[in-house]
Amino acid sequence: MAPATLRPLDGRVAVITGGARGIGRAIALRLARDGAHCVITYRRSVELAAAVVEEIERDVVKGLAVPLELTEPSQMAPAFERIGDAFGRVDILVANAAATAFRPLAERCWEAPRPPSRAWCAPSQSSSAPRASRSMASTPA
C-alpha cells in the first residue's frame, strides 16, 4: 500500500480577502489544492463566494465564505471572530482585496510608506495642473 501523500499546507488555515473572484479565487483554489483550509472574504458576490467554497471543498479541505467590507473597520473584528470560531487560528493571510484601489490618487498618495514627493501628488490635487494630451502621451521620446 502506497503511503498517503502529504500536501505542503496540510492542516493550515488561510484567509484570502477578495477571494470570490479573479486572482483571489485562483489563490484560494491553489492553497486548497496544497492542503490549506480556506476562508475567503467577499464584498457583494454571495453566489460567487459560495461557488468558490464548493470548489475549495472538492480538494478535501474546509472552506468558508465571510462577507467583509474592508472600508468599514467595524466589520473586521466580527469577521475574524467568525473565522476563529470555525478554525481556531489563521496561519496564512493573503491581503488580495482592492479595498482602496478606486479612491482618487490625491486621497491615497500620503498613505504610501514613502510618498514619492509632494510635487508628484500636487498635479492630482489641482484641476489647473497641465496635462499631457493623448497625442503627446503616445509620442515616443
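The values are calculated or read from the model by the stated rules, or taken from the named source; none is laboratory data. If you're wondering where the values come from, they're calculated on a predicted model, not measured in any experiment. Glycine gets a Cβ as well: all are built from the backbone with ideal geometry, and neighbour counts include every protein chain shown.
Key figures for this structure:
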read-out	value
Test for Ile40: is it modelled with pLDDT of 95 or more, within 14 Å of Asn96 (Cα to Cα), under 14 Å from the mean Cα position of the chain (by Cα) and assigned to a strand (DSSP E or B)	yes
Among residues of region 1-33, those that are exposed (fewer than 15 other Cβ atoms within 10 Å of the Cβ) and either touching a Leu at 6+ places or on another chain (Cβ under 6 Å) or assigned to a loop (DSSP other than H, G, I, E, B) (or both), counted	9
Top-ranked residue of region 34-74 - restricted to ones that are surrounded by 15 or more Cβ atoms within 10 Å (Cβ to Cβ) and of a type in the set (Lys, Arg), ranked as farthest from Gly88 (Cα to Cα)	Arg43
Selected residue (criterion: surrounded by the fewest Cβ atoms within 10 Å (Cβ to Cβ)) from residues of region 75-98 that are among the small types (Gly, Ala, Ser) and in contact (Cβ under 8 Å) with a residue 40 or more places away in the chain	Gly88
Matching residues in region 59-68 - criterion: being assigned to a loop (DSSP other than H, G, I, E, B) and either touching a Ser or Thr at 6+ places or on another chain (Cβ under 7 Å) or of a type in the set (Asp, Glu) (or both)	Asp59, Leu68
Flag if Ile56 is in contact (Cβ under 8 Å) with a residue 40 or more places away in the chain, among the aliphatic types (A, V, I, L, M) and part of a helix (DSSP H, G or I)	no
